[in-house]
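Peer 1: Please read through the structure below; I'll follow up with questions.
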Amino acid sequence: MSSLPRPKVLVVDDDPDVLEQQRLVLAAAGFEVVAAGGIDEALQVADGEVPDCFVLDLMMEHTDSGARLARALRRDPRFADAPIVMLTSVVRDVGFEFDRNPREVLDWMKADAWFDKPASPTQLVSTLRQLLEQRARRRDQ
């Protein structure tokens, strides 16, 4: 990625094991990784670190707090067009059919992509890079 040689990603998950797994995967792929275990911490980290993109857990603290965090990030002009990838186990846990209307689900999440946990490291990294490249092209126009 020539326009962003080492993009910064904020990973947010309330499960420390998943958080560490995502941190390791993304760091190995060349991302600078910052992490947070919940919404309040994530907002503080985002304010200080100003990430280029985000990987958020949809269901934290037994609520859709990842979507609420994404909405808060979208209201901040610094992150209005930052790529957001949502990770969720809700498909497996409760059988919610995200595939039925994926555009509507992404609009609700305020995300650019979502993956069922555990996300394929290759797909996650590829998706983040594609979204960052698309954002760079939009900004160059």
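The values are calculated or read from the model by the stated rules, or taken from the named source; none is laboratory data. None of these values were measured; they are calculated from a predicted model. Cβ placement follows ideal geometry from the backbone for every residue including glycine, while neighbour counts extend to all protein chains displayed.
Conditions (1) closer than 19 Å to Lys8 by Cβ; (2) modelled with pLDDT of 80 or more; (3) buried (at least 18 other Cβ atoms within 10 Å of the Cβ), marked per residue:
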| position | (1), (2), (3) |
| --- | --- |
| Arg71 | no, yes, no |
| Ser89 | no, no, no |
| Glu97 | no, no, no |
| Arg103 | no, no, no |
| Met109 | no, no, yes |
| Ser126 | yes, yes, no |
| Ala136 | yes, yes, no |
| Gln141 | no, yes, no |
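Peer 1: Here's something else I'd like to know. Filter region 42-64 down to the residues that are surrounded by fewer than 20 Cβ atoms within 10 Å (Cβ to Cβ) and either among the hydrophobic types (A, V, I, L, M, F, W, C) or at pLDDT below 95 (or both) and list them by number.
Peer 2: Within region 42-64, Leu43, Val45, Val50, Glu61, His62, Thr63, Asp64 qualify.
Peer 1: Of the residues in region 66-77, how many are assigned to a loop (DSSP other than H, G, I, E, B) and within 23 Å of Ala27 (Cβ to Cβ)?
Peer 2: Qualifying residue count, region 66-77: 0.
Peer 1: Specify the residue that is nearest to Ala80 (Cα to Cα); the eligible residues are those in region 16-65 that are in a strand (DSSP E or B) and of a type in the set (Val, Ile, Thr).
Peer 2: Val55
Peer 1: Anything in region 31-58 that is touching a residue at least 60 places away in the same chain (Cβ under 8 Å) and over 12 Å from the mean Cα position of the chain (by Cα)? List them, or say none.
Peer 2: Phe31
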